[in-house]
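Q: Take a look at the following structure, please.
Values in this text are rule-based calculations from the coordinates and carry no lab data. Since this is a predicted model, take the numbers as computed values, not measurements. Here the Cβ positions follow ideal geometry from the backbone for every residue, glycine too, while neighbour counts run over all protein chains shown.
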Amino acid sequence: MAAKATEKTNKRDFLNHLETYLSKRDGVDKLLKISRYATKIIIASSLIPETTGSLIPRLKSFESSVGVSRKAFRLGKFVQDINALRASRWESNHELVLLLIAYGGEGFYYFVEQFIWLTKSGLIDAKHSKLLQRISAWAELIGYVGSVSLKIRDLRKLKDEENCVASTIEISVSRGMAYEEEDEKMKKIKEKKTLKGLSIFQDLADGLMTIADIRDGKGMLSAPNVISSAGLFSAIVSTHKNWISC
């Protein structure tokens, strides 16, 4: 009975967890992202006929409004990349370059996004919008290149760690020794590998959308259904990561 009571105590209340999640900038932003790309999929799929009085114009208006709202959540967000870079540790010049590319690219992207939001909101002349969006897209793409490279490096390190723990477990089994601690380590490593892998696919999906922006929606991979699906996948992965981290 005591064990069950402890287990219930350790379980986090859903509403408290939700409150914590929604109090974070990224939490709300990713929910908006899900809403936006789910709407884009509905629009692109032609499930709803575009007739007089159709829901489509309202969905398009909603999608556009959510897109502008999300940009407001990026105000000052570039600071987190500056701090992440300051807190980073590297073992070689190669890693330092990757860190600069990843955090520098993403940070500059968020910095430029602030001005794009100001053009969308009317404070800055809209004639600058296209140039700012192109600069933003290239910075974002560069950031993803660095980010994916770093995450692949992290995956390799996790794989090495996994092999080391697996070897320890194998030795313990052969000697008839307990290996509960190593088994727990193995579970955590596998969880980290799964999250890291999902994060890489998320970056690739976001990178695909960025390339579509750079190419002005031209090309097979820039089809609305493809881009919308990539955006929704990225949003769901982000939401999952943010949920379990808060």
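Q: So what are the ³J(HN,Hα) numbers for segment 139-148, from phi and the Karplus equation (6.51, -1.76, 1.60; θ = phi - 60°), rounded to whole Hz, Gly and Pro as x?
A: Couplings: 5, 5, 5, 4, x, 5, 4, x, 5, 5 Hz.
Q: What's the local net charge at I135, with K and R +1, D and E -1, over the other residues with C-beta under 14 Å away?
A: Neighbour charge sum, excluding I135 itself: -2.
Q: Quick one: what are the phi-derived ³J(HN,Hα) couplings along segment 26-42, Karplus 6.51/-1.76/1.60 with θ = phi - 60°, whole Hz, x for glycine and proline?
A: Karplus values, whole Hz, x for Gly and Pro: 5, x, 5, 4, 6, 5, 5, 5, 4, 4, 5, 7, 5, 5, 4, 5, 4.
Q: Could you size up the charge dipole of the chain around its Cα centre, putting +1 on the beta carbon of Lys and Arg and -1 on that of Asp and Glu, and report it in debye to the nearest 20?
A: Once rounded to the nearest 20, the dipole reads 580 debye.
Q: Please check the chain for the longest run free of GluC sites (Glu not before Pro) that are loop-located per DSSP (anything but H, G, I, E, B) and have at most 13 other Cβ atoms within 10 Å.
A: It works out to 92-246.
Q: Around G231, under 10 Å between beta carbons, what's the net of Lys plus Arg minus Asp minus Glu among the other residues?
A: It works out to a net charge of +2.
Q: Out of S64, I101, N242, whose Cα points farthest toward the positive end of the dipole of the chain (charges: +1 Lys, Arg; -1 Asp, Glu; placed on Cβ)?
A: Ranked along the dipole, the leading option is S64.
Q: If you don't mind, there's one more thing I want to ask. Ordered by residue, what ³J(HN,Hα) values in Hz, to whole numbers, does segment 239-246 give under the Karplus form 6.51 cos²θ - 1.76 cosθ + 1.60, where θ = phi - 60° and Gly and Pro are x?
A: Computed from phi, the couplings for segment 239-246 are 4, 4, 5, 5, 5, 6, 8, 9 Hz.
Q: Taking a 19 Å limit on the Cα-Cα distance, which of the listed pairs K24/K187; K159/K188; K40/K151; K60/K127; K33/K192 fall beyond it?
A: Violating the 19 Å limit, Cα to Cα: K24/K187; K40/K151; K60/K127; K33/K192.
Q: Would you kindly state how much longer the chain becomes between K127 and M177 on full extension, computed as 0.36 nm times their sequence separation minus their alpha carbon distance, in nm to one decimal?
A: Taking K127 through M177 to full extension adds about 10.9 nm, to one decimal.
Q: How about segment 21-85: which trypsin sites (Lys or Arg not before Pro) there are in a DSSP loop, with at most 13 other Cβ atoms within 10 Å of their Cβ?
A: K24
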